[in-house]
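Okay, here's the structure, questions in a sec.
The values are calculated or read from the model by the stated rules, or taken from the named source; none is laboratory data. The model shown is predicted, which means the values in this text are computed figures rather than measured ones. Here the Cβ positions follow ideal geometry from the backbone for every residue, glycine too, while neighbour counts run over all protein chains shown. The area values use the complete protein model at the heavy-atom level, side chains included, leaving out ligands, DNA and RNA. Shrake-Rupley method; radii C 1.70, N 1.55, O 1.52, S 1.80 Å.
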Amino acid sequence: MVIHESAEDYLESILILQEQCGSVRSIDIVNKLGYSKPSVSIAMKKLRESGYISMAADGTITLNDSGMEIASRIYGRHKTITRLFQYLGVSSEQAAIDACKVEHDLSQETFDRICAFVERVEEA
């Protein structure tokens, strides 16, 4: 199944919020991403219908296995690319912003090379 960049961003944000806060509600995503409540509501409905998330009666959002797999992959890419940019001398804040812009579009080959490079730098 093809998943769009925006869906990846939502899933990644849910994972980050779960790690930071323990539980996630739609309003948390609104606040994190700066999107409107209706936009987030529509996205959560689509993610739920696609089987990526579950929503409890109280509005708590949980990643299902398929959603967790995608979120973990994207967030892992984000963290690795952020570290690469920081090693290049980019500020932490800007590195994270720029990592968001490229984490979805890199080929697996390029990302594998970035991983190998970051590992060598960290071992040195």
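Considering (1) open to solvent by 70 Å² or more (accessible area, probe 1.4 Å); (2) closer than 12 Å to LEU11 by Cβ; (3) of a type in the set (Val, Ile, Thr), say which one ILE29 fails and leave the rest.
For ILE29, the exception is condition (1).
While we're here: Return the residues of the stretch 98-124 that are modelled with pLDDT of 95 or more, exposed (fewer than 14 other Cβ atoms within 10 Å of the Cβ) and within 24 Å of ALA7 (Cβ to Cβ); say none if nothing qualifies.
Across the stretch 98-124, the qualifying residues are GLU109, THR110, ASP112.
Can you give me the number of residues within the stretch 1-57 that are touching a residue at least 24 places away in the same chain (Cβ under 8 Å) and of a type in the set (D, E, K, R)?
Result for the stretch 1-57: 6.
Would you mind finding the one in ALA71, ALA95 that is under 17 Å from the mean Cα position of the chain (by Cα), aliphatic (A, V, I, L, M), within 21 Å of ALA116 (Cα to Cα) and crowded, with 16+ Cβ neighbours inside 10 Å? Break it down into steps so the answer makes sense when it comes.
Values: ALA71 fails: within 21 Å of ALA116 (Cα to Cα).
Result of the check over ALA71, ALA95: ALA95.
Moving on to the next point. Conditions: (1) under 16 Å from the mean Cα position of the chain (by Cα); (2) surrounded by fewer than 14 Cβ atoms within 10 Å (Cβ to Cβ). MET44 meets all but one. Number of the miss?
All conditions are met except number (2).
Something else: Scanning for something exposed (fewer than 11 other Cβ atoms within 10 Å of the Cβ), at negative phi and within 13 Å of the chain's Cα centre (by Cα), does the stretch 11-19 turn up at least one residue? Lay out the reasoning, then the answer.
Taking the stretch 11-19 as the starting set, the residues that turn out to be exposed (fewer than 11 other Cβ atoms within 10 Å of the Cβ) are 19.
Add one more test, that the residue is at negative phi, and what stays is 19.
With the extra rule that they be within 13 Å of the chain's Cα centre (by Cα), the set shrinks to 19.
Checked the stretch 11-19: at least one residue is exposed (fewer than 11 other Cβ atoms within 10 Å of the Cβ), at negative phi and within 13 Å of the chain's Cα centre (by Cα).
For the stretch 1-23, which positions are at pLDDT 95 or above and touching a Ser or Thr at 6+ places or on another chain (Cβ under 7 Å)?
Within the stretch 1-23, LEU15 is the sole residue that qualifies.
Another question, then. Go over the candidates LEU84, LEU88 one by one and state the one that is hydrophobic (A, V, I, L, M, F, W, C), more than 30 Å from ILE42 (Cβ to Cβ) and either crowded, with 17+ Cβ neighbours inside 10 Å or under 13 Å from the mean Cα position of the chain (by Cα) (or both). Please lay out each step first, then the result.
Numbers: LEU88 fails: either crowded, with 17+ Cβ neighbours inside 10 Å or under 13 Å from the mean Cα position of the chain (by Cα) (or both).
LEU84 is the lone residue from the list that is hydrophobic (A, V, I, L, M, F, W, C), more than 30 Å from ILE42 (Cβ to Cβ) and either crowded, with 17+ Cβ neighbours inside 10 Å or under 13 Å from the mean Cα position of the chain (by Cα) (or both).
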